[in-house]
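Some notes on the structure that comes next.
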Amino acid sequence: MRDGGDGRTLVGPVLPWGVTARVLDAGRLVTETFARGALQGTDPARVPLTATHPRDAGTLPIGRTLTIEDRADAAWGEWLVSDTLLGNEVLALARDGVPLGLSIGFEEVAGGSRWSADRQRVTRTRAQLDHIAVVRVPAYAGAGVAGVREQALRAEHMATLLALLRGHG
């Protein structure tokens, strides 16, 4: 739990840099890595948060991305979770400390993939995010919900609380 939020904001690393994962690419298993800066230029407002990877266009999001920040270790994000049945379920799990992974859905960008000569390994240097999904086990170790930002006490509530404590002290 962290201060400075509304109690509905998830935070965490969504994509660790330089970490390898075995993923399906065009129907075959390859080793994939993302280079630092691969998500630069992403407009967070265009990246929905989903409870699972969407199977089709009918899958509704559970929230929206507020920020994507390029840090030394990973791309970190903040997501506002909507007051929906599924959104509330995800928030309850996060508040209870249930380990939740994060996983990106992305589209390749021209010139943004460096393949090995045998095409078994790929480093993504640029990618266009499509969505971010909350998952049980992320493809990239270290990608997950780190916490929920909780609303800090407002100054007037703090003053009232202090007055009450002084009156009873």
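The values are calculated or read from the model by the stated rules, or taken from the named source; none is laboratory data. Please read all numbers here as calculations on a predicted model, not as lab measurements. All Cβ positions, even for glycine, are placed from backbone atoms using ideal geometry, and neighbour counts span all protein chains on display. These area figures cover heavy atoms from the full protein model, side chains too; ligands, DNA and RNA do not enter into them. Shrake-Rupley method; radii C 1.70, N 1.55, O 1.52, S 1.80 Å.
Some values worked out for this structure:
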| item | result |
| --- | --- |
| Residue among T42, T67, T59 that alone is in a loop (DSSP other than H, G, I, E, B), open to solvent by 30 Å² or more (accessible area, probe 1.4 Å) and hydroxyl-bearing (S, T, Y) | T59 |
| Total residues in segment 91-148, condition free of Cβ contacts under 8 Å to residues at least 40 places away in the same chain and either not in a strand (DSSP E or B) or not hydroxyl-bearing (S, T, Y) (or both) | 19 |
| Failed item, numbered, when L24 is tested on (1) modelled with pLDDT of 95 or more; (2) open to solvent by 30 Å² or more (accessible area, probe 1.4 Å); (3) over 19 Å from G142 (Cα atoms) | (1) |
| Number of positions in segment 82-97 that are among the aliphatic types (A, V, I, L, M) and open to solvent by 60 Å² or more (accessible area, probe 1.4 Å) | 3 |
| G111 being modelled with pLDDT of 95 or more, closer than 24 Å to L24 by Cβ, touching a helix residue (DSSP H, G or I) at 6+ places or on another chain (Cβ under 9 Å) and open to solvent by less than 80 Å² (accessible area, probe 1.4 Å) | no |
